[in-house]
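Each reported figure results from applying straightforward, stated rules to the coordinates on display, with no laboratory input. Keep in mind that this is a model prediction, so the values were computed, not measured. Methodologically, a virtual Cβ is constructed for each residue, glycine included, from the backbone with ideal geometry; neighbour enumeration extends over all protein chains shown.
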Amino acid sequence: MPRQLDSAKTIATFHCVTFMLGEDLFGIEIGFVREVIEYEGVTPVPMMPIFVRGIINLRGAVIPVLDLSVRFGRGPTDIRPSTCIAILSLPAMQGGYSDIGIMLDSVCTVLEIPLSDIGPAPTLGTDIRNDFIQGIATVDSRFAILLNVQNVLSVTELAGWAQAVVEQHWAGDEEQL
Amino acid sequence: MPKTLLGKVSAMAGIAILCVITIGVLGINRLDALRNSIMESSTLADQALQCVVAVDRADTHFKTQVQDWKDILIRGNDPELFAKYKEQFVVEESIVQASLNDALPLMKSIGLADGDVTRLRDAHRDLGMKYRAALNQFHLSDANAGKKVDALLRGIDRETGQEMERVTHTVTARAIELSKIERARAELSYASARDETLVLGALGAIITALISMLTIRNVQNSLGGDPAYAAHVVRQVAEGDLAVQVRVRASDHSSLLYSIKVMAFSLSETIRDVSAISESIGSASEQVSATANSLSQTASELASSVEQTSASIEELAATVGQNADNARVTENIACKSTSSATESGQAVAEMVRAMKEIASRITAINDIANKTDLLAINAAIEAARAGEHGKGFATVAVEVRKLAERSQKAAKEIGDLAAHSVGVAEQAGTLLHEMLPGIDQTATLVQEIAAASREQSVGIDQINAAVTQISQGMQSSAASSEELSATSEEMSATAMQLQEMMQRFRLKGGIHDTYAHRAEFKSPRPAKKKQARLFPTVLDDNLDEPVDDSKFTNY
């Protein structure tokens with residue numbers, strides 16, 4: 001360990017939190033992660049995009065919780081004992097930060113991956129959009145997808161989604177009327 | 001006319017007695033008349049005799065009076081003698097007077113005139129007067145007084161004396177005559193009575209003869225022959241000679257002899273049958289004896305078999321008793337097994353519960369480990385955000401994470417083990433649970449087996465008792481059959497005796513002869529059904545069939 005620390009000093013590393021989502025190993029840069037909490041249920045919010053699972057109350061702050069699996073175009077995440085919510089702090093459009101929770105199947109560890117071990121995002125071989133992926137790292141002979149959180153959780157895009165949903169909803173209502 | 005012999009004979013005897021009584025009454029009447037006649041005659045004769053006696057006495061005493069008179073005359077000078085002779089003289093005189101007075105009424109009775117006697121009496125009285133008067137002349141002192149007085153009355157008594165003698169003679173003659181007359185009358189009476197008696201006797205004899213003949217005929221008709229002959233026949237029958245030839249008249253169908261003949265025939269038929277039956281009884285009793293012997297033997301064999309069976313059953317009873325004991329022990333064991341299995345089931349259930357609790361506790365540990373892990377990660381994140389200052393803290397966080405992971409791993413292992421144990425324990429519980437009904441069933445079955453064994457034991461006891469009874473029954477049966485054998489032998493002997501007794505009877509020879517003989521009874525009066533009943537109908541059926549003579553060889 002001390003040796004690794006020594007090497008980390010000299011070599012540039014990607015400091016990240018790894019977690020499991022489905023069968024895949026993902027990593028998020030640690031700078032965006034504020035904390036990881038246990039999943040204790042969410043309060044569903046109507047008229048939200050389907051990848052928004054609901055909202056939670058974290059020490060008085062209302063935080064939306066996203067389902068990355070849905071965001072990646074897969075089915076909704078199953079709730080397990082190991083399911084966690086990672087609270088991310090993202091830079092907001094108006095400046096400052098906005099907190100967003102994402103659902104993880106399980107949190108793995110905190111890693112410092114040498115940049116040399118990180119490859120570019122592949123063009124094929126995964127159904128996740130390329131702009132979501134920052135790179136592919138090999139951890140313990142296994143691929144870990146390092147997510148580009150700003151893209152994945154682009155607030156703009158999310159807001160657009162939300163708008164679309166609202167419009168669609170109202171449109172549906174009008175049609176029904 | 002009465003039907004019975006007694007009636008007939010009684011009636012005839014009555015008639016005879018009537019006749020005899022009539023004859024007797026008539027004879028007595030006749031005798032009465034005869035007696036009256038004789039009495040009359042005898043009275044007459046008596047009177048005649050009295051008359052004769054009286055007259056004769058008067059004559060005699062008159063002569064004595066005269067003698068006394070003469071004595072007075074001769075010896076009357078002696079006063080003593082005088083008085084004596086005078087007294088005698090008076091006495092004699094009174095006797096003569098009395099006798100003549102006596103004779104006087106009798107004279108009329110014997111049919112003579114009493115005038116002579118009256119005259120004689122008067123004459124005698126006069127004579128007496130004359131004597132007394134003359135006696136007054138007699139002086140005692142005068143020696144010749146007698147001669148003087150005599151001279152006064154000489155010859156005075158001659159007429160009276162002669163008269164006296166004549167009357168005596170007349171009376172005597174009359175008496176003799178009367179006697180003759182009465183004798184003749186008696187002869188006549190006797191002849192008439194004799195004739196009447198003869199006639200009555202002859203009549204009685206004739207009636208008696210008729211009645212006797214009738215009686216004899218009746219008796220003969222009733223007996224059917226002479227009583228002696230009947231007695232002879234009866235004696236022969238009594239001696240057992242049933243072949244006796246009884247002579248009866250052809251028309252006779254009701255007499256004693258005919259009945260005896262029928263009886264003899266009937267008896268001979270009966271005895272024939274009895275003899276045949278006794279023979280068959282003899283053979284039957286011999287068969288019975290043989291059968292009884294074989295029965296006795298069989299019974300003895302059976303008794304021994306039954307005893308063997310009894311021994312076998314006792315062994316069986318012992319085996320069954322052992323079975324019952326074993327079943328009882330097994331039952332107890334099964335009961336214990338049931339309770340043990342139930343307890344085991346409870347223990348396993350408790351174990352499962354404990355395991356589940358362990359699992360839940362393990363979950364808590366796991367939770368704690370997870371939380372610790374999460375805390376370590378958050379710490380690592382915080383450390384990372386702290387930059388260079390957080391390096392040491394990051395190391396601690398890593399260590400804490402490692403510990404949490406180890407805790408997680410251990411908890412997981414324990415949880416797995418507990419889960420596995422729970423599964424195993426549940427399986428054991430299930431198996432025990434499945435086992436319970438089996439054990440219960442086994443216990444029930446064993447109980448049933450025990451009960452069945454007990455029932456078997458009871459049943460075998462009963463069988464044993466029954467077999468003992470059968471054995472006793474067999475023994476008594478054997479004894480009984482021996483007794484039966486003895487009895488049948490006795491019976492056989494009795495039948496032989498009976499046959500010997502039957503041989504005493506002499507029966508008519510041929511059997512056909514007998515049946516022909518019987519026809520003789522049947523034919524004359526077919527109208528009389530009573531007659532037909534004398535013979536058993538069975539024999540009538542056999543009348544025309546050939547008869548096995550060998551059956552009758554003994555006769």
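Only Cα pairs under 8 Å and 6+ residues apart enter the sum, and on that basis the relative contact order of the stretch B:219-355 stands at 15 percent. Across the stretch B:38-46, coupling constants 3J(HN,Hα) worked out from phi with the 6.51/-1.76/1.60 Karplus curve, θ = phi - 60°, read 5, 4, 4, 4, 5, 4, 4, 4, 4 Hz, and Gly and Pro carry x.
Per-residue 3J(HN,Hα) values for the stretch B:30-37, derived from phi via the Karplus relation 6.51 cos²θ - 1.76 cosθ + 1.60 with θ = phi - 60°, read 4, 4, 4, 4, 4, 4, 4, 4 Hz in sequence order (x marks Gly and Pro).
Equivalent-ellipsoid semi-axes for the stretch B:155-313 (Cα gyration tensor, √(5λ), whole Å, largest first): 102, 25, 10. Annotation: Cα Rg of the stretch A:100-149 relative to the compact-globule expectation 2.2 N^0.38 Å equals 1.19. The alpha carbons of the stretch B:284-369 stretch over 117, 20, 12 Å along the principal axes, in descending order. Sorted from longest to shortest, the spans of the Cα atoms of the stretch B:1-68 along the three principal axes equal 92, 14, 5 Å. Counting Cβ atoms of other protein chains within 10 Å of each Cβ in A:105-116 and taking the mean gives 3. When you restrict to C-alpha pairs under 8 Å that are six or more residues apart and normalise by the size of chain B, the relative contact order lands at 18 percent. Around the amide H of A:N148, modelled in the peptide plane, lie the amide H atoms of A:I133, A:Q134, all under 5 Å away and 5 or more residues distant in sequence or on another chain. Spread over its residues, the convex hull of the C-alpha atoms of the stretch A:11-161 is 125 Å³ per residue. Taking the DSSP bridge list for the stretch A:11-161 and keeping only pairs wholly inside it, about 90 percent are antiparallel.
Considering only alpha-carbon pairs that sit under 8 angstrom and 6 or more positions apart, the relative contact order computed for the stretch A:11-161 is 27 percent. Projecting the Cα positions of B:A173, B:G321, B:S360 onto the charge dipole of the protein assembly as shown (unit charges on Cβ atoms of Lys, Arg, Asp and Glu, taken about the Cα centre) puts B:A173 furthest along the positive direction.
Mind checking which aspartates and glutamates have their C-alpha under 12 Å from B:K402, skipping anything on the same chain fewer than 8 residues away? Cα-Cα hits under 12 Å: B:D373.
Shown here are the Rg and Dmax of the Cα trace of chain B, at 80.4, 271 Å.
Overall, the stretch B:378-510 carries a charge dipole of about 520 debye about its Cα centre when +1 sits on the Cβ of Lys and Arg and -1 on the Cβ of Asp and Glu, all other atoms neutral. Derived scalar couplings between HN and Hα for the stretch B:121-129 equal 4, 4, 4, 4, 5, 4, 4, x, 4 Hz in order, rounded to whole Hz, by the Karplus curve 6.51 cos²θ - 1.76 cosθ + 1.60 (θ = phi - 60°), x for Gly and Pro. Along the axis of the charge dipole computed for the protein assembly as shown (Cβ charges of +1 for Lys and Arg, -1 for Asp and Glu, origin at the Cα centre), the listed residues B:S289, A:I56, B:Q472 are led at the positive end by B:S289. Under 5 Å between amide hydrogens, built in the peptide plane, is the criterion, and for A:E35 it picks out A:I87 among residues at least 5 positions away or on other chains. Size of the stretch B:321-390 from its Cα atoms: along the principal axes, largest to smallest, the extents are 96, 13, 9 Å. When peptides B:132-143, B:52-63, B:443-454 are ranked by their average number of other Cβ atoms within 10 Å per residue, the highest-first order is B:52-63, B:443-454, B:132-143. Among the listed pairs B:K63/B:K180; B:K391/B:K412; B:K371/B:K412, those with a Cα-Cα distance over 22 Å are B:K63/B:K180; B:K391/B:K412. Relative to the Cα centre, the charge distribution of chain B, modelled as +1 at Lys and Arg Cβ and -1 at Asp and Glu Cβ, gives a dipole magnitude of about 2900 debye. Shape summary: the stretch B:1-152 maps onto an equivalent ellipsoid whose semi-axes, from the alpha-carbon gyration tensor, are 69, 15, 8 Å in decreasing order. Which of the listed residues, B:I15, B:S42, B:T60, is farthest toward the dipole's positive end in the stretch B:7-125, when Lys, Arg count +1 and Asp, Glu count -1 at the beta-carbon? Positive-most Cα among the choices belongs to B:I15. Shielding value for B:375-388 is 5, the average number of Cβ atoms from other chains within 10 Å of each residue's Cβ.
For the protein assembly as shown, the equivalent ellipsoid derived from the alpha-carbon gyration tensor has semi-axes of 202, 43, 30 Å in decreasing order.
In a simple Cβ point-charge model (Lys, Arg +1; Asp, Glu -1; nothing else charged), the protein assembly as shown has a dipole of about 5500 debye relative to its Cα centre.
With only the Cα atoms considered, the stretch B:211-277 has a convex hull volume of 74 Å³ per residue. The calculated 222 nm mean residue ellipticity attributable to helices in the protein assembly as shown amounts to -26000 deg cm²/dmol, summing -39500 (n - 2.57) over DSSP H runs of n ≥ 4 and dividing by all residues. Look at the stretch B:21-32: the mean tally of other chain Cβ atoms within 10 Å of its residues' Cβ atoms is 0.
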